[in-house]
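Comments concern the structure below.
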Amino acid sequence: MNYPEKVRIVEVGPRDGLQNEPGHLPLALKVELVNRLSACGLSTIETGSFVSPKWIPQMADSEQVFQQITRHPGIQYSALTPNLQGLQRAIAVNVSEVAVFAAASETFSQRNINCSVQESIARFTEVINAAKQADLPVRGYVSCALGCPYEGEIAPSAVAGVVAKLLALGCYEVSIGDTIGVGTPLKVKAVMEACMQHANPAQLAVHFHDTYGQSLANILAALQTGIPTVDSSIAGLGGCPYAQGASGNVASEDVVYLLHGMGIETGVDLDTLIATSHWICEKLERKNNSKVALARGNSARGNA
Ligand code: HMG
Ligand code: MG
C-alpha cells in the first residue's frame with residue numbers, strides 16, 4: 001500500500017474547537033492557545049472565523065485574536081470568511097489565508113449559512129475573486145460529505161460536484177468534511193474517489209468529526225487514496241452548532257501518533273502537542289478527547 005511520505009496537519013482547534021464551547025471564553029486564552037500551538041511544529045493553524053457574531057458569538061473577537069497572537073514565520077494563520085464582509089474583516093487583521101465553506105446538503109447549507117448551495121457558490125465567487133486581488137490563498141470546505149443531520153445519506157457525486165466548483169473558482173485545496181462523524185472507511189474511499197474525478201489528491205484534505213469513533217480508520221482510508229492533508233483539533237475539541245449531535249474533531253495528538261507510527265512525517269512535536277492538550281483541557285475544565293494525551297498523562301504539562 002502506498003502512503004504519502006509527509007502529511008500536513010491543519011490544526012482547527014482555535015476555530016472549530018472553540019466555536020462550540022459553551023459560555024464566554026477569555027480572549028487571552030484563545031491567544032495563548034494559538035501561541036502554544038505555534039510552538040508545536042504545525043504549519044497551518046485555523047485561528048478564528050469572521051462570521052456573523054449573532055450566529056457564532058464565540059468567534060466575535062477573532063480580530064483581537066489575530067492582532068494579539070505572536071506569528072511565526074512558516075505558519076499560515078487562517079480564518080473562515082463566509083462573505084465579503086468577513087473577508088474584509090480578515091484582510092484588516094492581516095490573515096495569511098482564508099477559507100470558504102460550502103455543503104453537499106441543501107438543508108445544512110440553509111441552516112449553517114442561510115442560503116442554498118448554489119447561492120453560496122455565487123457568494124464565494126465574489127469572496128474568492130476579492131481574496132485573489134489581496135493575494136490571499138483560499139481554502140474550501142464541503143460539509144456533510146459523509147452524511148447530513150437533516151437529509152441523511154449524501155451521494156458522493158453531490159460532494160464531488162461542489163469540490164469541482166470550488167476548485168474552478170480558485171480554491172487551492174478543498175477539505176472534505178464529515179461534519180457529524182458518521183462516515184466509515186469504504187464510504188470515505190468512495191467519496192474521495194468521486195472527488196478525484198475533478199481534483200488531484202494534493203488538492204484535497206479530510207476533516208473528520210469523531211462522533212462515531214471512526215475518524216482514525218477513515219483517515220487511514222483517505223491516506224490510502226493519496227490524500228496528504230488532514231484537519232484535526234487539539235484534544236479533540238469541536239463541533240458545529242448547526243449540526244446537532246456533532247462531537248469534536250479527531251484529536252490532533254491521535255492523528256500525529258498514527259502518522260508517526262506509520263513512518264509518515266508531520267513536522268509536529270507530539271510531546272509539545274500533548275502538553276498543550278492537557279493545558280487547554282484544564283483551562284476549559286473539560287475532558288480530554290485524545291486517547292493519546294490520556295495514555296501519556298499530563299506529566300509533560302508546563303513544558304509547552
Ligand atoms: P445572514 O443573516 O443571512 O447575513 O447570515 P446577512 O448578510 O443578511 O446579514 C445579517 C446581519 O449579519 C447583518 O447585521 C450583517 O452585518 C451581519 P445587522 O445589519 O442585522 O446588524 N453579518 C456579519 N457580521 C460580521 N461578519 C460577517 C457578517 N456577515 C453578515 N461576516 C452568514 C449569513 C453567512 C453571515 C451567517 O449565516 C453566518 O455567519 N454563518 C456562519 C455559521 C458558522 O460559522 N458555522 C460554523 C462554521 S462551519 C463548520 O463548522 C463546518 C466545518 O468545520 C467543516 C465540517 O465540519 O464539515 C468548516
Ligand atoms: Mg468541522
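Which FRET efficiency value, to the nearest 0.05, is calculated for Ala164 and Thr125 with the Förster distance at 22 angstrom and r the Cβ-Cβ distance? Efficiency at R0 = 22 Å is approximately 0.95. Full extension of the chain between Glu21 and Asn114 yields a length gain of 31.3 nm, computed as 0.36 nm times the residue separation minus the alpha carbon distance.
Across the stretch 200-222, the residues whose backbone nitrogen lies under 19 Å from the label position 7 Å along the beta-carbon direction of Lys6 are 200-206. Per residue, the average separation of C-alpha pairs within less than 8 Å and at least 6 apart gives the chain a relative contact order of 20 percent. A rounded overall shape is assigned to the chain, the ratio a/c of its alpha-carbon gyration tensor axes (a ≥ b ≥ c) being less than 1.5.
Going down the list Lys187/Lys287; Lys54/Lys132; Lys30/Lys287, which pairs span over 20 Å between their C-alpha atoms?
Lys187/Lys287; Lys54/Lys132, as the Cα separations exceed 20 Å there.
Under 11 Å from the Cβ of Gly236, count the other residues' Cβ atoms, weight Lys and Arg +1, Asp and Glu -1, and hand me the total. Combined, the nearby Lys, Arg, Asp and Glu give -1. Over all pairs of different C-alpha atoms, the stretch 198-265 has a mean inverse distance whose reciprocal, the Kirkwood radius, equals 12.5 Å. Under 15 Å from a label point set 7 Å out along the Cα-to-Cβ vector of Tyr172, the amide N atoms of the stretch 38-70 belong to 43-46. Available extension along the chain between Leu29 and Arg71 is 13.5 nm, counting 0.36 nm per residue and deducting the alpha carbon span.
The stretch 114-148 and the stretch 165-242 have Cα centres separated by 17 Å. Computed packing ranks the peptides 112-118, 233-239, 258-264 as 233-239, 112-118, 258-264, most packed first, by mean other Cβ atoms within 10 Å.
Couplings for the stretch 141-149, taken from phi via the Karplus curve 6.51 cos²θ - 1.76 cosθ + 1.60 with θ = phi - 60°, read 10, 10, 7, 6, 6, 10, x, 10, x Hz in order; Gly and Pro are left as x. What the phi angles of the stretch 184-197 give under the Karplus curve with 6.51, -1.76 and 1.60, with θ = phi - 60°, is a coupling list of 10, x, 5, 5, 4, 4, 4, 5, 5, 5, 5, 5, 6, 5 Hz, glycine and proline written as x.
Expressed as a rounded percentage, what relative contact order does the stretch 76-160 have, with Cα pairs under 8 Å and six or more residues apart? RCO, the stretch 76-160: 33 percent.
Sum up the charges of everything whose Cβ sits under 15 Å from the Cβ of Asp178, counting Lys and Arg as +1 and Asp and Glu as -1, but leave Asp178 out.
-3
Residues whose amide H falls under 5 Å from that of Glu97, counting only those 5 or more places apart or on a different chain, are Tyr77, Ala79, with hydrogens built in the peptide plane. Placing pseudo-labels 7 Å out from each Cα toward the beta carbon at Ala155 and Gln64 gives an inter-label distance of 4.8 nm. Note on Asn298 and Ala217: the extension gain reaches 26.6 nm, defined as 0.36 nm multiplied by sequence separation minus the Cα-Cα distance.
Cβ crowding within 10 Å ranks Glu63, Glu5, Glu282, Glu173 as Glu5, Glu282, Glu63, Glu173, fewest other Cβ atoms first.
Taking other Cβ atoms within 10 Å as a rough exposure proxy, Asp135, Asp231, Asp254 sort from fewest to most as Asp135, Asp254, Asp231.
Calculated on the alpha-carbon coordinates, the convex hull of the stretch 96-228 measures out at 95 cubic angstrom per residue.
Here the Karplus relation 6.51 cos²θ - 1.76 cosθ + 1.60, evaluated at θ = phi - 60°, turns the backbone of the stretch 117-126 into coupling constants of 4, 5, 4, 5, 5, 4, 4, 5, 4, 5 Hz, with x for every Gly and Pro.
No value in this document is a laboratory result; all are computed from the given coordinates. Keep in mind that this is a model prediction, so the values were computed, not measured. As a convention, Cβ positions derive from the backbone with ideal geometry for all residues, glycine included, and neighbour counts pool all protein chains shown.
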